1. Long-range amide H contacts for Ala285: which residues qualify at under 5 Å (H placed 1.01 Å from N, peptide plane, sequence gap of 5 or more or a different chain)?
2. Calculate, for segment 52-177, the solvent-accessible area per residue in square angstrom, rolling a 1.4 angstrom probe over the heavy atoms of the protein chains.
3. Starting from the 7 Å offset along Cα-to-Cβ, what nm value, one decimal, do you get for the label separation of Arg30 and Glu104?
4. Within 10 Å of each candidate Cβ there may be at most 16 other Cβ atoms; applying that plus a DSSP loop requirement, which chymotrypsin sites (Phe, Trp or Tyr not before Pro) in segment 74-138 survive?
5. Determine, for each peptide in 97-103, 32-38, the mean count of other beta carbons within 10 angstrom over its residues, then list the peptides with the highest first.
6. Check each of the GluC sites (Glu not before Pro) in segment 202-262 and keep only those in coil by DSSP with at most 13 other C-beta atoms within 10 angstrom; list them in order.
7. Within 10 Å, Cβ to Cβ, of Gln240, how many net charges do the neighbouring residues add up to if Lys/Arg are +1 and Asp/Glu are -1?
8. Need one word for segment 89-132: rounded, prolate or oblate. Basis is the Cα gyration tensor (sqrt eigenvalues a ≥ b ≥ c); a/c below 1.5 gives rounded, then a/b vs b/c decides.
Amino acid sequence: MQDNLPVVPPAHASDFAALGLSETLLRALRQEGHTTPTPIQAAAIPPALAGRDLFGCAQTGTGKTAAFVLPIVHQMLQRPATRDAGVRALILTPTRELAAQIGERIGVYARFSGLRHAVIYGGVGMQNQVQALRAGVDLLVATPGRLVDLMAQGLVRLQRVEFFVLDEADRMLDEGFLPSIRRVVGVLPKQRQTLLFSATMPPEIAPLAAQVLRDPLHIEATRVASAPDAIAQSVYLVAQEHKRELLRHVLGDRAVTRAIVFTRTKHGADRVARQLAQGQIHAEAIHGDKAQNTRLRALSRFRDGEVRVLVATDLAARGIDVSGISHVINYDLPMDPEAYVHRIGRTARAGSQGVALSFCSGDEQTRLKGIERLIQRRVPVVQNHPFAGMVAEVAPARQQPQQARQQPRQQQARQQPQQPRQQQQPRAQQARPQQQRSAAAPSRGAQGGRRATVR
């Protein structure tokens with residue numbers, strides 16, 4: 001579907017006033033120090049103000065929350081409604097942290113509007129959320145599961161929704177929220193404006209877009225699954241058993257002022273945070289099994305600088321919007337290459353520079369190749385570190401076809417009848433030096449010969 005959509009290229013505007021936003025919103029933006037819109041904001045806000053449905057692709061940290069909140073609030077101010085009108089704008093998002101972050105942004109942008117908003121998500125009691133709904137809500141931010149629960153109890157009505165936003169749609173599909181999304185869409189008015197935003201555009205998202213969007217514009221502020229150029233990427237080849245010591249070594253650098261460390265599992269996040277604490281490095285772990293209050297407290301301590309290291313899993317990190325993150329460290333490489341792009345997007349936000357470091361064990365090198373294919377560049381290898389040389393660097397992915405052609409010859413040689421021992425000896429002697437040279441071959445590093453090339 002998306003290939004047939006009208007595409008709006010990345011746009012640039014000198015200031016928010018040029019986009020046609022109301023003075024009420026411009027006042028709030030000025031108070032926050034926001035004067036120049038990001039490319040996704042410049043591209044999305046004008047057509048959204050005109051009432052068009054949007055299919056937006058933008059990485060995290062590009063300002064896409066403002067790209068849908070600002071035009072919605074503007075239109076709600078232009079068309080005032082009575083206090084008992086019910087929910088007028090519904091924003092669905094996959095995680096509790098992201099829902100809370102969007103709610104905080106609405107509070108900032110709509111501070112002078114008089115509009116009311118609420119945030120509802122699972123993992124906490126319903127009482128406060130129900131009280132907020134009964135008091136009256138204009139904009140509602142929700143995770144799909146909790147919203148469906150409240151709908152089933154008759155505690156939230158969506159029959160008057162004028163604006164519907166699906167944020168991080170790709171992640172919602174990954175987490176199995178499609179049935180809940182369909183239940184929500186089934187009760188929404190047919191006449192509404194829908195804005196769908198996603199960090200990636202997998203093929204599975206097309207049927208969902210076709211169901212919820214009407215004649216949409218496709219806005220892509222950055223190439224799908226691309227890594228921002230402002231992020232300096234590098235990889236450490238290291239044995240799994242040495243990752244713990246390598247992490248301490250890396251965090252010993254004073255340049256690492258605020259870092260997120262990504263692990264593949266929740267148990268791994270807890271273990272890494274515990275090990276860092278044993279080494280007198282203050283760290284907090286955040287993942288889906290943590291209580292909501294514990295997660296919010298950990299984020300607050302990280303944001304306020306009380307701890308400089310946050311250990312997180314992929315899903316939990318989707319709601320992290322903290323400025324000044326100097327480093328992202330992939331303690332474990334993700335199974336999904338696109339998750340790598342989401343991870344490193346936590347740094348180099350709002351035009352700043354950032355560093356992304358990855359630890360790659362021997363078992364993870366196929367994942368590294370998948371990442372390099374996705375971002376279309378080689379990730380430079382760091383050569384000078386205490387555990388260098390303990391894991392051999394495998395051949396680049398582009399050499400695999402040649403290796404595959406050699407395999408039939410090796411199999412054919414094994415199938416041949418054994419020759420007399422004295423005839424095989426010279427060949428064995430030739431093989432040993434070749435193996436020794438391969439084992440002793442030094443890895444190429446970011447400081448050495450392996451350069452980032454575009455394939």
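1. Answer set, sorted by chain and number: Val311.
2. In whole numbers, segment 52-177 has 34 Å² accessible per residue.
3. 2.6
4. Phe112
5. So the peptides 97-103, 32-38, ranked by packing, come out 97-103, 32-38.
6. On the way: sites: Glu204, Glu220, Glu241, Glu245; in loops: Glu204.
Taking segment 202-262 and a limit of 13 other Cβ atoms within 10 Å, the loop GluC sites (Glu not before Pro) found are Glu204.
7. Here the charged neighbours net out to -2.
8. Oblate shape, in that a/c is at least 1.5 and b/c is the bigger or equal ratio.
The values are calculated or read from the model by the stated rules, or taken from the named source; none is laboratory data. All figures in this text were calculated on a predicted structure; none of them were measured in a lab. Counting neighbours? That spans all protein chains shown, and the Cβs are built from the backbone with ideal geometry, glycine included. All accessible areas refer to the heavy atoms of the entire protein, side chains included, with ligands and DNA or RNA removed. Shrake-Rupley method; radii C 1.70, N 1.55, O 1.52, S 1.80 Å.
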